[in-house]
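The values are calculated or read from the model by the stated rules, or taken from the named source; none is laboratory data. Keep in mind that what you see is a predicted model, and the values were worked out from it rather than measured. FYI the Cβ positions are ideal-geometry reconstructions off the backbone, even for glycines, and counts take in every protein chain you see.
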Amino acid sequence: MNRAAGPAQALPKGEGITIAGVSKRFGAIVGVDHVDLDVRAGEFLSLLGPSGSGKTTLLMMLAGFETPSSGTIAVGSRDLTHVPPNKRGIGMVFQRYALFPHMSVAQNIAFPLKMRGIGKAEAEPLVEQALARVRLEGYGGRMPAQLSGGQQQRVAVARALVFQPPVLLMDEPLGALDKKLREELQIEIKTLHESLGITIIYVTHDQEEALTMSDRIAIMDKGRIQQLGSPVALYHEPENDFVADFIGKMNFLPGTITGQDGERIAIDVSGQRVSVERSQCGGRPHLAIGQAVRIAARPEGIALTDESGDAIRVAVETSIFLGSHRTLVARTADGAQLQVQLPSAKQDAGLEPRGTAFLRLDPGALRVFAAEA
Amino acid sequence: MADTTAAGDRSLAGQLSRRASLALALPLVLLLGLAFLVPVAKLLAGSVFAPHPTAEHWWRIVQEPIFLRILMRTVQTAAIVTVLAFLLGYPVALVMSRQGGRSAVLVAACVLIPLWTSVLVRSYAWIVLLQRTGVVNSMLLKWGLIDQPLRLIYTEGAVIVAMTHVLLPYMILPIFSSLRSIPPELDRAARNLGAGAWTSFIAVTLPLSLPGVYAGAIMVFILSLGFYVTPALVGGPQNLTLATLIGQQTTDLLNWPFSGALAGLLLVVTLGLVAVFRRVLSFGKSM
């Protein structure tokens, strides 16, 4: 293909999305509950949550397949709340490819062009370009059924991008593929996103996928956005225990506040006294001396110690060697189970099952939440 | 069970040995052979050996134009009934395929209960509706729309309407099942890519449901060609179809050799038209 000869194709520019006070009720069930979300132009934003969290319903409202019960949705400066799906000009990739089985790959990709009244002669080079973009040159004449799952999804991506939409919606696009292919396509989608400057809303229930691909992630549960932030912020500064638990591995320990001043809070956690900054509190836990709180600590934020004073005494349950590190599973006197990530060493450091060990939390890496009611 | 095929094959046929499957099919094969093939063969043979080899009966069909006219009318009626059943049945199948829960059951019942009702009952129902003093005529008279009762029963129109009604489920069910097998996100994808609801239907849903349309059309067409009960009751003696003609020849005139020739003609025409049908529509199978 001679790209230099053709007219230079203007790269589609991403547009921002404004979701304001959007709710969706199905009878008595609230699918999406007062969601406000501003997506920046050109951003890769993931909607991450367990099934039934409302992330797919929100995406369906963006695509126009569901109408919000209240609230508004705008892309760029256009209010799309009541615009039918075919007038939105938003690209979409479905979980199960949704290629038209009675049309060839080229016909599938040409479909949105045909719908826009673009003639055959004009459409052909665009289809070629779209195929090249997903590394499927020469596959135009095949039928979808003749392609592998990964190839089919690449065709679906090409079809969704060929009409240069400012926004691309992706509904668990890699959910039906095996792990290796998934990782391959993750990189491909990420590369496409960077080269096109398009805004992508990516729905997934796979936190790893969301963490590796997104600029920002909106974590959803019970129809609400629980937290919106960068992968780093979500991992290190979860605002509530749902987010803390949902992203990565997290240990929860009971603690009691023993003192506080304007900046710091002193907490007793199963025998270790830690001092944390007020900014480490997620949500707004009630802070008073004697108040019970819930402490969240990542496996890598806990270390073994030899001293028995000012440390958490645990009963070792098992220790698993994982190559680059070792995971120690232990239980505190309160009955809380902990997973601790230890550096990999040749020696086992005397961690015998049913033995006793002492652990120390890294106070700077803790999060403090209100105790469960 | 020595013959069990690959472990992935979970169909019943895969679990039974070849011999066991054949043994299970044997009763039906015997019944068909004795109660269907033998009489048909005898009937057909009777048309050319009666008792000596003769082409007399077949020759009569060609010679007397009335019989070819009846044949043409039979084919024409079957074609009209097929087209009407498609036009009426497709929307019903579409509605059925897009319903969920309670309303799906309701629509399905509306289609299936007539199917479970005897053809005889449904044909007599049309007589009740269409006869001189029937429901339709008395309504029209009462509303002052007509002065004289219309002649509705024993017309070709009555045959077509009644046959379409009786055969409609055979059109609806295959279309329904092929519509149901189309993933709903295909319509969504088409809408998302810029197609309006109607365009999406024409470009995606309709082409993908064609296998069901072909199956339904072939079924209705074949059944119409040989349909006896409804044309006999609603059409009366003036509107003979090939099947009612054969009935007349066997039961009233006891002319078995000639009805054998007519039956042979119907069989040949049916098989021939089905073959043409399949050939013309075979492009649809390439999907």
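For every residue, the table says whether it meets (1) crowded, with 18+ Cβ neighbours inside 10 Å; (2) within 13 Å of chain B (Cβ to nearest Cβ); (3) within 19 Å of A:Ile187 (Cα to Cα); (4) at pLDDT 95 or above.
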{"residue": "A:Met92", "(1), (2), (3), (4)": "yes, yes, yes, yes"}
{"residue": "A:Ala106", "(1), (2), (3), (4)": "yes, no, no, yes"}
{"residue": "A:Pro112", "(1), (2), (3), (4)": "yes, yes, no, yes"}
{"residue": "A:Lys120", "(1), (2), (3), (4)": "no, no, no, no"}
{"residue": "A:Val127", "(1), (2), (3), (4)": "yes, no, no, yes"}
{"residue": "A:Arg135", "(1), (2), (3), (4)": "no, no, yes, no"}
{"residue": "A:Met143", "(1), (2), (3), (4)": "no, yes, no, yes"}
{"residue": "A:Gly149", "(1), (2), (3), (4)": "no, no, yes, no"}
{"residue": "A:Arg159", "(1), (2), (3), (4)": "yes, yes, yes, yes"}
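Got at least one residue in segment A:264-285 being more than 24 Å from A:Pro238 (Cβ to Cβ) and exposed (fewer than 11 other Cβ atoms within 10 Å of the Cβ)?
No, segment A:264-285 contains no residue that is more than 24 Å from A:Pro238 (Cβ to Cβ) and exposed (fewer than 11 other Cβ atoms within 10 Å of the Cβ).
So, in segment A:64-89, how many residues would count as being of a type in the set (S, T, N, Q) and over 17 Å from A:Gly27 (Cα atoms)?
Residues that pass the stated criteria total 4.
Of the residues A:Ala74, A:Ala106, A:Ala145, A:Ala130, which single one is assigned to a strand (DSSP E or B) and out of contact with any His (no Cβ under 6 Å at 6 or more places or on another chain)?
Every option except A:Ala74 fails the conditions.
Criterion first (among the aliphatic types (A, V, I, L, M) and touching a residue at least 60 places away in the same chain (Cβ under 8 Å)) does A:Ile302 satisfy it?
yes
Results for (1) at pLDDT 95 or above; (2) within 30 Å of A:Gln151 (Cα to Cα); (3) assigned by TED's automatic domain parsing to the domain that holds A:Ile189, shown as yes or no for each residue.
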{"residue": "A:Ala28", "(1), (2), (3)": "no, no, yes"}
{"residue": "A:Gly52", "(1), (2), (3)": "no, yes, yes"}
{"residue": "A:Glu66", "(1), (2), (3)": "no, yes, yes"}
{"residue": "A:Ala74", "(1), (2), (3)": "yes, no, yes"}
{"residue": "A:His82", "(1), (2), (3)": "no, no, yes"}
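Looking at A:Gly52, A:Gly14, A:Gly31, can you tell me which residue is touching a helix residue (DSSP H, G or I) at 6+ places or on another chain (Cβ under 9 Å), in a loop (DSSP other than H, G, I, E, B) and away from chain B (no Cβ under 14 Å)?
A:Gly14
Select from segment A:290-338 the residues that are basic (Lys, Arg) and more than 10 Å from A:Leu359 (Cβ to Cβ) and list them in ascending order.
A:Arg294, A:Arg298, A:Arg326, A:Arg331, listed by residue number.
Restricting to helices (runs of 4 or more DSSP H) lying wholly in segment B:151-210: which have 3 or more residues that are facing chain A (nearest Cβ under 9 Å)?
Fully inside segment B:151-210 and qualifying: B:184-192, B:197-200.
So, of the residues in segment A:71-88 that are among the charged types (D, E, K, R) and closer than 17 Å to A:Arg116 by Cα, which turns out to be nearest to the chain's Cα centre (by Cα)?
A:Arg88
Of the residues in segment A:82-110, how many are in contact (Cβ under 8 Å) with a residue 60 or more places away in the chain, out of contact with any helix residue (DSSP H, G or I) (no Cβ under 7 Å at 6 or more places or on another chain) and of a type outside the set (S, T, N, Q)?
Going through segment A:82-110 one residue at a time, the tally reaches 1.
Those residues that are within 13 Å of chain B (Cβ to nearest Cβ) and farther than 22 Å from A:Ala41 by Cα, I need them from segment A:64-83; list them, please.
A:Phe65, A:Glu66
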